[in-house]
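Just so you know, all these numbers are worked out from the coordinates, no wet-lab data involved. Note that the coordinates shown come from a computational prediction; the quantities given were computed from them, not determined experimentally. Positions of Cβ are backbone-derived with ideal geometry, glycine not excepted, and every protein chain shown enters the neighbour counts.
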Amino acid sequence: MTKAQENATGNGAAVNTGAASAPDAPPPAPAPGTSQISVSRGLSGWLAAHQTSLAFSSYQTGQLFLVGRQPNGTVSFNQQNFSRAMGLSWSHGRLYLGSLCQVWRLENMLRPGERGNEAFDVVLVPRNAQTTGDIDIHELGVDGDGRVIFVNTKYSCLCTPDLTHSFKPIWKPPFISRLAPEDRCHLNGMAMADGRPAYVTAVSRSDVLTGWRERRHEGGVIVEVQTGRIVTDQLSMPHSPRVVNGRLYALDSGRGQIIEVDPRTGEKRDIAFCPGFLRGMTIHDGHAIVTVSKPRDGTFKHLSLDGELKARDAEAWCGLLIVDLATGNLVEWIRLEGHITELFDVTAMPGVACPMAVGPDTPEMRGTISFDAALLDSTPLPRAA
């Protein structure tokens, strides 16, 4: 197999995997056009103790990051370019990634016991790219029948890929009168439960062109997919609903809060404040792993998050935070400084120690070839009539 990039240093990022600084002490400023990555002292041990690795995406710079633990205990970062990298879904050696105009399927090419470059126990290779056009794909998941389901934000609906058309719509919120390329309510997040979409988040119930922009402060809703019922409202730019053990979690992004919601009554409970714009969450082993971004002018300006940061005398982060759901304590972190200021999604990869990926349009993709020789049938092919 061709040697592929083993960390982020080859793609405009410097990596400091041994940082032991406090979260409120930013790392040294990186050179213009580059990013500095630092991690908490205990991140490597946390990944080992909870037997997982992580993947996260940055639509701003179009990159997929894989985070793992090398055999010597060093934190590993593998970075590949995917245009406008957005939603992520991991299951059984397969990673789905939504991008600018495609849904990518990456497969682990390694057989049991094999290692890539003597260090990686998963090597993800792009095997399929379903073209959708620019429909602003946000979060995605896989249902019980193996279908990919994704949030089509531009058309305010949930979809599956279609072999002929750009997408196949399967559900829209009841307050959306028709499918139109108008991003009416900013449908953005989806929770899967029992093999089907269970809940979605939207920034508002608007049914006009980009109407959600005037409702960012408290127009947000969580909607139950099966019934169309509004589970709770008065959220500020909510994202990333998740169902774990029957409990519903979400991000109240405009306030910087991870929340738990009673799916019957809609009652909300704050779990933890995070210093940045929340967007992307995965829950693993009693912990919420979330992405935070530095608020940009315009869409994210003048939210409650701004005032909360000022009240706490804090600056917004760009990175990953790992939060103990039982206590609300932030236990480990990854911080990015410099060129990358906004992230989107994150997913845990349980049972994987140190993953890497091969990027599209790279020499590695052209030279990384595998096949299963056991499938070769030595029986002669029948002759043509």
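Please compute the net charge surrounding ASN152, taking Lys and Arg as +1 and Asp and Glu as -1 over other residues with Cβ under 13 Å from its Cβ. Present the calculation step by step, with values, prior to reporting the outcome.
On the way: positive: LYS154, LYS168, LYS172, ARG184; negative: ASP134, ASP136, GLU139, ASP162, GLU182, ASP183.
With Lys, Arg at +1 and Asp, Glu at -1, the net is -2.
Around the amide H of GLN63, modelled in the peptide plane, lie the amide H atoms of SER58, PHE82, ALA85, all under 5 Å away and 5 or more residues distant in sequence or on another chain. The alpha carbon gyration tensor of the chain gives principal lengths a ≥ b ≥ c with a/c of 1.5 or higher and a/b no greater than b/c, which makes the shape oblate.
Magnitude of the charge dipole for segment 24-129, about its Cα centre and with charges confined to Cβ atoms of Lys, Arg (+1) and Asp, Glu (-1), is about 200 debye. Calculated [222 nm] ellipticity per residue, helices only, for the chain: -1500 deg cm²/dmol; basis is -39500 (n - 2.57) per DSSP H run with n ≥ 4, divided by all residues, nearest 500. For SER177 and ALA48, the difference between the fully extended length at 0.36 nm per residue and the C-alpha to C-alpha distance is 41.6 nm.
Grab the beta carbon distance between LYS168 and ILE230, set R0 = 22 Å, and tell me the FRET efficiency rounded to 0.05. Intermediate values should be presented prior to the final figure.
Values: r = 26 Å, r/R0 = 1.16.
That gives a FRET efficiency of 0.30.
Among THR61, SER76, GLY211, which residue has its Cα furthest toward the positive end of the charge dipole of the chain, with +1 on Lys/Arg Cβ and -1 on Asp/Glu Cβ? Among THR61, SER76, GLY211, the one farthest towards the positive end of the dipole of the chain is GLY211.
From the Cα gyration tensor of segment 208-263, with a ≥ b ≥ c the square roots of its eigenvalues, which class applies: rounded if a/c is under 1.5, or else prolate if a/b is larger than b/c, or else oblate? Here segment 208-263 falls in the oblate category. Whole-Hz Karplus values for segment 124-129 come out as 8, 10, x, 10, 7, 9 Hz, taken residue by residue from phi with 6.51 cos²θ - 1.76 cosθ + 1.60 and θ = phi - 60°; glycine and proline positions read x.
Using only side-chain charges placed at the Cβ, +1 for Lys and Arg and -1 for Asp and Glu, the dipole size of the chain relative to its Cα centre rounds to 460 debye. Packing, as the average of other Cβ atoms within 10 Å across residues, places the peptides 315-321, 163-169, 235-241 in the order 235-241, 315-321, 163-169, highest first. Taking R0 as 25 Å, what FRET efficiency do you get between GLU218 and ASP262 from their Cβ-Cβ distance, rounded to the nearest 0.05? The formula returns an efficiency of 0.85 here.
The residues packed around CYS185, meaning those with a beta-carbon under 9 Å from its beta-carbon, carry a net charge of +1 if Lys and Arg are +1 and Asp and Glu are -1.
Among the lysines of the chain, pairs that are 8 or more positions apart or on different chains and have alpha carbons within less than 29 Å of each other number 12. Between VAL208 and HIS92, the contour length at 0.36 nm per residue exceeds the Cα-Cα span by 37.8 nm.
Rounded to whole numbers, the Karplus 3J(HN,Hα) couplings from phi for segment 336-349 are 10, 10, x, 5, 8, 10, 9, 10, 10, 10, 8, 9, 7, 10 Hz, using 6.51 cos²θ - 1.76 cosθ + 1.60 with θ = phi - 60°, and x at Gly and Pro.
Proximity of backbone amide H atoms, modeled 1.01 Å from N, is registered between ARG229 and GLU224 at under 5 Å, excluding neighbours fewer than 5 places apart on the same chain.
Could you please report the charge total around GLY246, scoring K, R as +1 and D, E as -1 over all other residues with beta-carbon less than 12 angstrom from its beta-carbon? Intermediate values should be presented prior to the final figure.
Numbers: positive: ARG242, ARG247, ARG264; negative: ASP194, GLU260, ASP262.
Residues near GLY246 contribute 0 overall.
Extension gain for ARG247-ARG111 works out to 45.4 nm (0.36 nm per residue, less the C-alpha to C-alpha distance). Between SER304 and ASP377, the simple label model (points 7 Å from Cα in the Cβ direction) yields a spacing of 6.3 nm. The amide H of ALA357, built 1.01 Å from its N in the peptide plane, has LEU124 as neighbours under 5 Å, considering only residues 5 or more places off or on other chains.
If you take the square roots of the eigenvalues of the alpha-carbon gyration tensor of segment 163-268 and sort them as a ≥ b ≥ c, do you get rounded (a/c under 1.5), prolate (a/b over b/c) or oblate? In terms of gyration-tensor shape, oblate. Tabulate in residue order the Karplus-calculated ³J(HN,Hα) for segment 371-376, using 6.51 cos²θ - 1.76 cosθ + 1.60 with θ = phi - 60°, rounded to whole Hz; enter x for Gly and Pro. Residue by residue, segment 371-376 yields 7, 9, 5, 5, 7, 5 Hz.
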